[in-house]
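S.K.: Sharing a structure here in structure tokens format.
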Amino acid sequence: MSSVLYDTPGPRAKRRNLILSVVFAVLLALLLWWVWQTMSDKGQLDGDKWRPFVEGPAWTTYLLPGLGNTLKAAALAMVIALPLGAALGIARMSDHRWVRVPAAVIVEFFRAIPVLMLMIFANQFYSDYSGVDSESRPLYAVVTGLVLYNASVLAEIVRAGILSLPKGQNEAAQAIGLRKTQVMTSILLPQAVTAMLPAIVSQLVVIVKDTALGGAVLNFTELLNARKTLAANFANVVPSFIVVAVVFIVLNFLLTSFASWLEGRLRRSKKSTGAVLHVDDVEDTNVAGELVGAHGTDRGPEAGGGGGTGGVRKTP
């Protein structure tokens, strides 16, 4: 059986693919063995370097507070960037030029600037022109940079998701007299959410990872910055990197898993009308349908073409 993209491989192609898969698996195993052996020779697998993650204060003193700051910055950025990005994306589709052009300028400007530069600029701005104290300033700067950059990216995601819908959706809604605001909020945007969800989640994962930029430059005590202090105290640089990488992997995996579950729930909910009928209600509905199909409306004997009262004779 052939596919749209490629033909089904034959016996020679299957044998070649099997050989390549075996060779790749062997090379990967050799690479992992080399990494393991190198770490063992350098003493990175010694129990003393991993014991702080099991017995010592590595989690309570360093990693968990850093993880809390990471989640705080990411959550604040998500909460602000999502509605701001949706508003900018819808504004770029406005019929009014005075709304569409400024929104396009804002999106293109902040989307072109690196997020690290935005964080540094925000930190200097808060230092010179605001009363934010020095302890809270890194958090403000990180959240500001993440919001400005990711809101502009999310605006393009929202705009692309809405434009991907069939034009008949908009035309049908306008045909029944809905205003453009009602069409956008009640018809187009809810349908586009499911299509946009994978791209939105990918951008949320980027937000979580980009919080580490604040720790590297602005001394924001997020997870990666806390790891640096931990490694300096326990002399376990490589193990601390591995543990923090695993934490980020688990965190992003949970986020993507939740998004996949939410996307499936939204798709399943759209396949149902949402109305739950009792079996008696279904039978009454069927009887009413038969009556309407047989006589249209209760118009009397002269309209129904039959004698008597024009009703339906119910036979036992």
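The values are calculated or read from the model by the stated rules, or taken from the named source; none is laboratory data. Small disclaimer: the values here were computed from a predicted structure and weren't measured. Quick reminder, even Gly has a Cβ in these numbers, built from the backbone with ideal geometry, and neighbours come from all protein chains shown. Side chains included, ligands, DNA and RNA excluded: accessible areas come from the protein's heavy atoms. Shrake-Rupley method; radii C 1.70, N 1.55, O 1.52, S 1.80 Å.
S.K.: Dipole magnitude of the range 49-305 about its Cα centre, charges +1 at Lys/Arg Cβ and -1 at Asp/Glu Cβ only, in debye to the nearest 20?
M.R.: 1020
S.K.: Quote the FRET efficiency, to the nearest 0.05, computed for Leu165 versus Thr8 with a Förster distance R0 of 41 Å and r equal to the Cβ-Cβ distance. Mind showing how you got there, number by number?
M.R.: On the way: r = 35 Å, r/R0 = 0.84.
So, using R0 = 41 Å, E works out to roughly 0.75.
S.K.: For Ile176 and Val237, calculate 0.36 nm times their separation in residues minus their Cα-Cα distance, and state this gained length in nm to one decimal.
M.R.: Working: separation 61, 0.36 × 61 = 21.96 nm, distance 6.49 nm.
Difference between extended and current length: 15.5 nm.
S.K.: From the protein chains alone at 1.4 Å, what is the descending order of accessible area for Glu156, Glu135, largest first? If you can, show how the numbers build up before the last one.
M.R.: Working: Glu156 35, Glu135 160 Å².
So, going from the largest accessible area down, we get Glu135, Glu156.
S.K.: Order Thr229, Thr194, Thr60 by their accessible area, 1.4 angstrom probe, all chains in place, largest first. It would help to have the intermediate numbers written out before the result.
M.R.: Values: Thr229 65, Thr194 10, Thr60 105 Å².
From most exposed to least exposed: Thr60, Thr229, Thr194.
S.K.: Given a 1.4 Å probe and every protein chain left where it sits, what share in percent of the accessible area of the range 49-305 is carbon and sulfur? It would help to have the intermediate numbers written out before the result.
M.R.: Numbers: 9500 of 14850 Å².
C and S fraction of accessible area: 64 percent.
S.K.: Sorting check: for 160-168, 232-240, which peptide has the highest mean count of neighbouring beta carbons within 10 Å, and how do the rest follow? Walk me through the numbers before you get to the answer.
M.R.: Values: 160-168: 13.6, 232-240: 17.7.
The peptides rank, most packed first, as 232-240, 160-168.
S.K.: Let me ask you something else. Please list Trp261, Trp36, Trp98 from largest to smallest accessible area, probe radius 1.4 Å, with all protein chains kept in place. Don't skip to the end; give the middle numbers.
M.R.: Working: Trp261 130, Trp36 160, Trp98 190 Å².
The most accessible residue leads, giving Trp98, Trp36, Trp261.
S.K.: Just the number please: accessible area per residue for the range 49-305, 1.4 Å probe, all protein chains included, in Å². Walk me through the numbers on the way to the answer.
M.R.: On the way: 14850 Å² over 257 residues.
So the range 49-305 comes to 58 Å² accessible per residue, rounded to a whole number.
S.K.: I've got another one for you. Dipole magnitude of the range 101-226 about its Cα centre, charges +1 at Lys/Arg Cβ and -1 at Asp/Glu Cβ only, in debye to the nearest 20? Walk me through the numbers on the way to the answer.
M.R.: Values: 7 positive and 8 negative charges, 108 e Å.
The calculation lands at about 520 debye.
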